[in-house]
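*Asks:* Before I ask anything, let me first share the structure, which is written out below as structure tokens.
Read the figures in this text as sums done on the coordinates, not as results from a lab. Being a predicted model, the structure only gives us computed values, none of them experimental. Here the Cβ positions follow ideal geometry from the backbone for every residue, glycine too, while neighbour counts run over all protein chains shown.
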């Protein structure tokens, strides 16, 4: 989808530098993907401590 955005050039330049992305489009896609990923992680975190698992973690860790 094509769209026009008014973004701070210095912020885009910094994001391109730290992410090693070569295009503005790649930086924006990466940022959106990261935002969605973090949102999903937050949704999963609400279940922390509420699910009981009957698993032998030592056995799982030694599994090769």
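*Asks:* Compute the long axis of helix 24-45 from its Cα atoms, compare it with the longest principal axis of the Cα atoms of the chain, and write down the angle in degrees, 0 to 90, nearest 10.
*Replies:* Taking Cα atoms only, the helix is inclined about 30 degrees.
*Asks:* Sorted by average packing, counted as other Cβ atoms within 10 angstrom per residue and highest first, what order do 31-42, 48-59, 13-24 take?
*Replies:* Put in order of decreasing packing, that is 13-24, 31-42, 48-59.
*Asks:* Can you tell me the orientation of helix 9-19 relative to the chain, as the angle in degrees between its alpha-carbon axis and the longest Cα principal axis, to the nearest 10?
*Replies:* Its long axis makes an angle of about 40 degrees.
*Asks:* Determine the principal axes of the Cα atoms in the chain, then give the extent along each, sorted from largest to smallest and rounded to whole angstroms.
*Replies:* 52, 28, 22
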